[in-house]
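Colleague: This structure is in C-alpha cells; I'll ask about it shortly.
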Amino acid sequence: MASGGAAPGSEGRSTKVRPLAGSLTHTSSMDTKTMFLLLQSVIEDNVHFFQENPSETSRRFISAFSQIQEDTHGLQPLMLAFAGSLTAFDFDERTPANGYRSLMKVVRACVLHIVHKARYIAANRRSIFFRTSHNLMEIEAYSSALRQLRALLYFAQKLLTESRQGNLFSDEERGLSEEFLRESNSMHKGCFYGRCLGFQFTPSIRPFLQTISIGLVSFGENYRRRETRLGIAATSIFTSGKYAIDPELRGAEFERLTQNLDVHFWKAFWNITETEILASLVTLTSTTVRVNKTLSIPPNHFELPLLVDPNLTVTITPPVAHSGPGPVQMRLISYELREGQESEELNRFCKPEAQNHLDRRLKNKMEPRSRFLIVHFHGGGFVAHTSKSHEPYLRSWSHELASPILSIDYSLAPEAPFPRALEDCFFAYCWAVKNCHLLDALRKSCSEAALSRPCTSGSPLDSQHDYVMSRTCEEESSPSSSKGELAARVVDGSSGAGPGLKLGAEDEEEEWTTGASKFPKGFQPLRSGSGNIELRTSAIESNPFMSPLLAPDHMLKGLPPVHLVACALDPMLDDAVMFARRLRAVGQPVSLRVIDDLPHGFLSLAPLCRETRDASRLCVEKIREVLQDQSRAPGHEADRLRDGALEDR
C-alpha cells in the first residue's frame, strides 16, 4: 500500500516535522510500518526538545510520549500479525469487514491522531501562542486510550488463538466470555469519553457526539432530582457547562454512569427526543407528510389465507406474553394522502388525540393506492424509543420511495421482556397484510425491506451504551441474543475465532503471564473498577426466536432475500457478518453493505453531514431494490392489473 505521507528521512532527532493541514488526509492511507516509523520519529523529536527544559510540564510531556513509545513497540507486531488473518472472517472479498478489522481500524485511527498531534506540537512548541496545557492533556489522553486499545488487541489475539476456527463468536458460555467481561468491567474507559471522544469517526460528526456525551452526563447528574424527563432535561442545560469545559470530568462521569445506572436511566435519556418540545423542533426540520396517524389495534383474533393454499386459513392470535392480551400500537406515515387512508374504517383505529388533521382543501387531493407498503421495526435495543423517535428519516423514506410506511411500536423491556415484542411485531405484520387496503396498498400483501438496524460502532460512547443495554436487559428480562455476545461487546464487536495467531516477535509471545489476565509481562491496562461481574446464562438463549443467528437451517431457508446494512465501527457488526454467511451457506439470497466511519443510529443523524446523508441514501437504495425485485416477481403484473380492474368497477 502506498504511503500518503512522507516517511522519516533519517534516524536522527533533527528530522523536520511538518504539521498536517487540519486533517489526517495525507497519512490515512499509509501502511502500518510507515505509520509507526513516522510516529517514532516525531516522538523522539519532541522528547529531545522537552528534555532540554527541566520543568514539570516538560516532565509530563516526556512521560506521555515515552508511554506511547512503549505501547507502540508492543502494538506494531500485533497489528502486522493480525493483517494476515483478517480476510478469513470477511463475508466476501468485496466486503472487507469484521470485528477484528474494526478494532484494527480504531487502533490505527488513534495512532494517526497521535501522529497529527505530535507533529502539531513539534511545529508550534516554540510559539508564544502555543497552548501548552491543552496540548499536554491531549497527548496524555491519547496515551491512555492507546494503552487500553493495546489491551483490547491482546484480548482479540486470545480469541483468535482459543476459539473455534471460522466463527466470530465464542462458543463458550463461561471461560473466555466471563474473563473478558471482568476485564472490561475493571478497565478504565473515561479516556474514551473525554478528549478522545469520537476520534475514529468522520470529523464532521464528532461535535454532535460531544454534545450527546455532555447531555448524557448532565442528565445523569439530575436524573433522580426531577419527576419528569422534561424537568431533568431543563435542569441539565444549566449543569452542562462544566462538562463542556472539562473533558476529564466528563469522561469520569460518563464512565461512572455507564457502569452504575440501570436500564431505566437509559430509557429515560434516549426518550428525551420524544418530549413534545424536542419532537416539535425535529418536526420543523423534517419532510412534511400528509399522513401521520397513530393506530391502536385491538387484540382480536383474525384469519389469514395460507400462501401455499389460499383455500385454507390460519388464525392469528393477539400477543399475550407476560401481561396478557393487549392492543398493539403503530404509526402510519405517508408523504401523499392515498385512497383508504381517510376511510372511517381506518380512523376507528386512530387515537383521538393523535389524529392527523388535514386541511379540508387537501382532502380531495387524493393519490391512487401505492403498490407497496413498508413495515418498519424501530431500533432501541428493545428497551427504548417508539416510532416517534424515528419519524424524521421515515418521513424522508416515504417521500423518496413513494410508499407509505407502517412503523410498529412494540412493547419494551424490562416491563415487557422477550418474547412480547416479537409477538407484537408478528401480530402487527399480519394485521397489515390483512388490512393493507386501508393503509393504501393495492396488493393484498406487504413488502418488507429486510434491512438490519444500523447497530453500534466501535465508539466507546456507542459500544458502551450497547453493552450496558445488552447486559441490563439480560439481567432484568432476557439473556443476550447469542452465546458470547456480551464478550463481543467487550472487544468492539470482535469476539472472533480462527487459526492460532503468531506474533511477529517470538519473545513477545513468550511473555504471557499465567494469572487471570493474559498480558505480556510488564504490561497492564489502566484500571478503574473491581472487575466484579457475573455472566448470567439461561436456557432461553438457545431459543431460535431470540436471534436469527440461533435459527436452524430449515428456518433460514424460509426467509425472503435479505439485505443487511451495517457499520464498520459497530459492536454488532459481527452479528451481521455471521448472519450473512449463514444465509449464504444455506443458499439464501443475501447482500451485506458496510458503512465506514459512522456511529450507531446514523439514520437519525442524516441531516448532520454528507456522510450520514450518503449512508441514509444507501438504505433507501436497498429498499428500492427490494421493491423493484417485487415488481419483477412472477405474477406481480397480473395481480396489479387485476386489482386495477377491480378498482375500476
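Colleague: Would you list PHE523, PHE192, PHE91 from fewest to most Cβ contacts within 10 Å?
Modeller: Lowest to highest Cβ neighbour count: PHE523, PHE91, PHE192.
Colleague: Could I have the simple spin-label model distance between LEU608 and GLU339, label points 7 Å from Cα toward Cβ, reported in nm to one decimal?
Modeller: 4.3
Colleague: Rank these for me by crowding, LYS117, LYS242, going from fewest to most other beta carbons within 10 Å.
Modeller: Ordered from fewest to most neighbouring Cβ atoms within 10 Å, LYS117, LYS242 come out as LYS242, LYS117.
Colleague: With the crude spin-label approximation of a point 7 Å out along Cα→Cβ, what separation in nm comes out for PHE130 versus GLU93?
Modeller: For PHE130 paired with GLU93, the spin-label model returns 5.0 nm.
Colleague: Arrange SER604, SER170, SER343 by Cβ neighbour counts within 10 Å, fewest through most, would you?
Modeller: So the ranking, lowest neighbour count to highest, is SER343, SER604, SER170.
Colleague: In whole Å, how far is the Cα centre of segment 42-110 from that of segment 573-599?
Modeller: 29
Colleague: Can you work out the Karplus-derived ³J(HN,Hα) for every residue in segment 402-415? Use 6.51 cos²θ - 1.76 cosθ + 1.60 with θ = phi - 60°, whole Hz, and x for glycine or proline.
Modeller: 6, 9, x, 10, 10, 9, 8, 9, 5, 5, 10, 7, x, 5
Colleague: Using 22 Å as the Cα-Cα cut-off, could you pick out the over-long pairs in LYS158/LYS521; LYS388/LYS434; LYS293/LYS365; LYS267/LYS388; LYS434/LYS557?
Modeller: LYS388/LYS434; LYS434/LYS557
Colleague: Would you compute, for the Cα atoms of segment 112-211, the largest minus smallest coordinate along each principal axis and list the three values in descending order, in whole Å?
Modeller: Largest to smallest, the principal-axis extents are 58, 27, 26 Å.
Colleague: If you don't mind, there's one more thing I want to ask. Roughly what would the spin-label model give for PHE523 and CYS350, points 7 Å off Cα along C-beta, in nm?
Modeller: Calculated label separation equals 6.3 nm.
Colleague: Continuing with the same structure: Counting C-alpha atoms alone, how compact is segment 176-226: give Rg to one decimal and Dmax as a whole number, in angstrom.
Modeller: Cα radius of gyration and Dmax of segment 176-226 are 14.5, 41 Å respectively.
No lab work stands behind these numbers, since they all come straight from the coordinates. Source: prediction; values computed, not measured. Using ideal geometry, Cβ is built from the backbone for each residue, glycine included, and neighbour counts are taken over all protein chains shown.
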